[in-house]
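**Q** Here it is, the structure in full.
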Amino acid sequence: MLVVMEKNATDSEIRRVIETIEAQGWEAKPIPGGERTAIGILRNETPVDPGLFLNLPGVKEAIPVSKPYKLVSREMHPEDTQIPFGNDGRVVIGDGHLHVIAGPCAIESESQALKTAERVKAAGATFFRGGAFKPRTSPYSFQGLGKQGLKILEKVREETGLFIVTEAIDVESLEMVEESADIIQIGTRNMQNYPLLRRAGQSKRPVLLKRGMWATVEEFLMAAEYIISEGNGSVILCERGIRTFTKHSRNTLDLNAIPFLKRESHLPICVDPSHAAGRRYQVAPLAKAAAVMGIDALLIEVHIAPEQALSDGPQSLTPDDFTALMGDLRSMGLPLPSL
Ligand code: PEP
Ligand code: MN
């Protein structure tokens, strides 16, 4: 239920609605808007009777919210969420620009990270990505440099000014990642790791939440709801491909999810064509297709020598491929920001 206040409702009228909600043992979530305030009702286990509110002074209407996800939904929060970065807050994800997050799958060494970062920055990326903690399908594959990888990422930020995105694979790594990174990534395999989602919801850092490779869009939104319900409203939804029956790509990029998520949720949307494709030649066409749908960010894997990469080499672009893709996005008129 969303209780919508009249334009001229007073603070005490708003307070009275909140008290009425709390008296039922529910949680009230005031959502101040440009014109009027709305108050969401959370933690009700049975449907709410609108009659509880309709006679209170200052109440315009009480709208039933039909969806299981609430805090992530546009019904509760009509305006797009904007997430600012840096001291001056000049770089914003969700303000209509198309940010590009680029870098290797894994941080392998300082020189690999710095060389890649210089190239992706020169091409127009605003965020650098790279895993220090890697959730690998095989326990024998490279698992990442851990804390040393985070130190390298800090150096990349210092030397280039790029903002940093890196993955946390459990609560322990999240506590290290939130000290070093500008965005905490939660990967596809952890989309339904509820203790991790809750801990990310207590962090001050924005979270890039990847869609589970098996998850429906509703389950994806419910995972974001876990994070926001703990108090962290800075969540970016990342579509990265889902498992289907195809063999011509690693996953299938669910482009249909983009208009659905934009309609249902106010959260910024990122698309990762690299993990969807799994093959280099498919990455740029998928990136362009997603970009024209009006997303907020693209996440692209780039490696200085993909044939030597310790993970995801076959889908990584070379710096030259990446530069060409950025040139194409620019000539398509897409709103790429600068740092
Ligand atoms: C990654 O970004 O390198 C990664 C492991 O992504 P995903 O969780 O989407 O597989
Ligand atoms: Mn990867």
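**Q** Taking the condition in the same structural domain as Asp321 (by TED's automatic domain parsing), more than 18 Å from Ser73 (Cα to Cα), within 16 Å of ligand 1 (Cβ to nearest atom) and not aliphatic (A, V, I, L, M), does His248 pass?
**A** Considered against the rule, which asks whether it is in the same structural domain as Asp321 (by TED's automatic domain parsing), more than 18 Å from Ser73 (Cα to Cα), within 16 Å of ligand 1 (Cβ to nearest atom) and not aliphatic (A, V, I, L, M), His248 comes out as no.
**Q** Looking at segment 147-157, is at least one residue assigned to a loop (DSSP other than H, G, I, E, B) and buried (at least 16 other Cβ atoms within 10 Å of the Cβ)?
**A** no
**Q** Taking Leu162 as the residue in question, decide whether it is within 15 Å of ligand 1 (Cβ to nearest atom) and either touching a strand residue (DSSP E or B) at 6+ places or on another chain (Cβ under 9 Å) or at pLDDT 95 or above (or both).
**A** no
**Q** Test each condition in (1) under 19 Å from the mean Cα position of the chain (by Cα); (2) crowded, with 23+ Cβ neighbours inside 10 Å; (3) away from ligand 2 (no atom under 11 Å from the Cβ) for Ala277 and report the one that comes out false.
**A** Condition (1) is where Ala277 drops out.
**Q** Cβ-Cβ below 6 Å, separation at least six or inter-chain, first residue in segment 168-195 and under 20 Å from Ser138 (Cα atoms), second at pLDDT below 95: which pairs?
**A** Ile169/Pro135; Gly187/Pro135; Arg189/Pro135
One line per residue, one yes/no per condition, for (1) part of a loop (DSSP other than H, G, I, E, B); (2) in contact with a strand residue (DSSP E or B) (Cβ under 6 Å, 6 or more places away or on another chain); (3) at pLDDT below 95; (4) farther than 28 Å from Pro337 by Cα:
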residue	(1), (2), (3), (4)
Gly40	no, yes, yes, yes
Asp49	yes, no, yes, yes
Pro57	yes, no, no, yes
Lys67	yes, yes, yes, yes
His77	yes, yes, yes, no
Asp80	yes, no, no, no
Pro84	no, yes, no, no
Val92	no, yes, no, no
Ala113	no, no, no, no
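**Q** Between Leu209, Leu237, Leu221, which is in contact with a Phe, Trp or Tyr (Cβ under 6 Å, 6 or more places away or on another chain) and surrounded by 22 or more Cβ atoms within 10 Å (Cβ to Cβ)?
**A** Only one candidate qualifies: Leu221.
The values are calculated or read from the model by the stated rules, or taken from the named source; none is laboratory data. Computed from a predicted structure; not experimentally measured. Every residue, glycine among them, receives a Cβ derived from its backbone with ideal geometry; neighbour counts consider all protein chains shown.
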